[in-house]
1. Mind checking the full-extension length gain between ASP63 and ASP34? Use 0.36 nm per residue of separation minus the Cα-Cα distance, one decimal, nm.
2. Just to confirm the number: angle between the C-alpha axis of helix 12-26 and the first principal axis of the chain, 0 to 90 degrees, nearest 10?
3. Taking the Cα atoms only, what angle lies between the long axis of helix 91-116 and the longest principal axis of the chain, rounded to 10 degrees?
4. In µm²/s, what is D for the chain at 25 °C and 0.890 mPa s, where D = kT/(6 pi eta Rh) by Stokes-Einstein and Rh is the Kirkwood radius from Cα pairs?
5. With each run of n ≥ 4 DSSP H residues scored as -39500 (n - 2.57), what mean residue ellipticity at 222 nm is computed for the chain after dividing by its residue count and rounding to the nearest 500 deg cm²/dmol?
6. For the chain, what does the relative contact order come out to in percent, with C-alpha contacts under 8 Å and a separation of six or more?
7. Can you put GLU54, GLU111 in order of Cβ neighbours within 10 angstrom, beginning with the fewest?
8. Helix 74-87 versus the longest principal axis of the chain: what angle, 0 to 90°, nearest 10, using Cα atoms?
Amino acid sequence: MQIPQFACFRDAVAYYAVLLHECGHASGARHRLDRDLSGRFGSAAYAMEECTVELLSAMICADLGLSVEPRPDHARYVASWLEMLRSDKHAIFTAASKAQQIADWMHAQQEKEEERGVA
């Protein structure tokens with residue numbers, strides 16, 4: 001997982017929103033939640049993954065009481081989401097369901113760490 005240095009962000013909330021977005025992608029690995037991550041930019045699969053992890057980031061930020069401002073690159077992503085959402089009226093529900101699965105998995109990982117006395 002790669003993320004720009006903290007100093008590259010306008011504030012801590014922006015950093016954490018992007019970090020959660022990237023953690024969302026990382027959760028799709030075969031040994032974690034095993035999502036199909038083969039989609040390339042412009043494909044429906046890529047749009048679904050991006051929409052999913054962006055919803056995840058918003059969910060977790062809300063859980064933490066963080067108010068996130070839209071990033072400049074959101075417009076680029078939203079354009080691909082709109083195409084996906086127009087072609088599949090259930091896509092937003094699929095993305096939200098996947099985002100909730102990731103959030104649940106992330107919370108479960110935190111609980112495991114707390115039980116081990118690590119967190």
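Here, each number is a calculation from the coordinates, and none is a lab measurement. Keep in mind that what you see is a predicted model, and the values were worked out from it rather than measured. Neighbour counts run over all protein chains shown; Cβ positions are idealised from the backbone, glycine included.
1. Value of the extension gain: 8.0 nm.
2. Helix 12-26 sits roughly 70 degrees off the main axis of the chain.
3. That works out to roughly 10 degrees.
4. The calculation lands on 163 µm²/s.
5. Mean residue ellipticity, 222 nm, calculated: -21500 deg cm²/dmol.
6. On the way: 94 pairs, mean separation 29.7, N = 119.
It comes to 25 percent, rounded to a whole number.
7. Final ranking by Cβ density, sparse to dense: GLU111, GLU54.
8. Roughly 60 degrees between the two axes.
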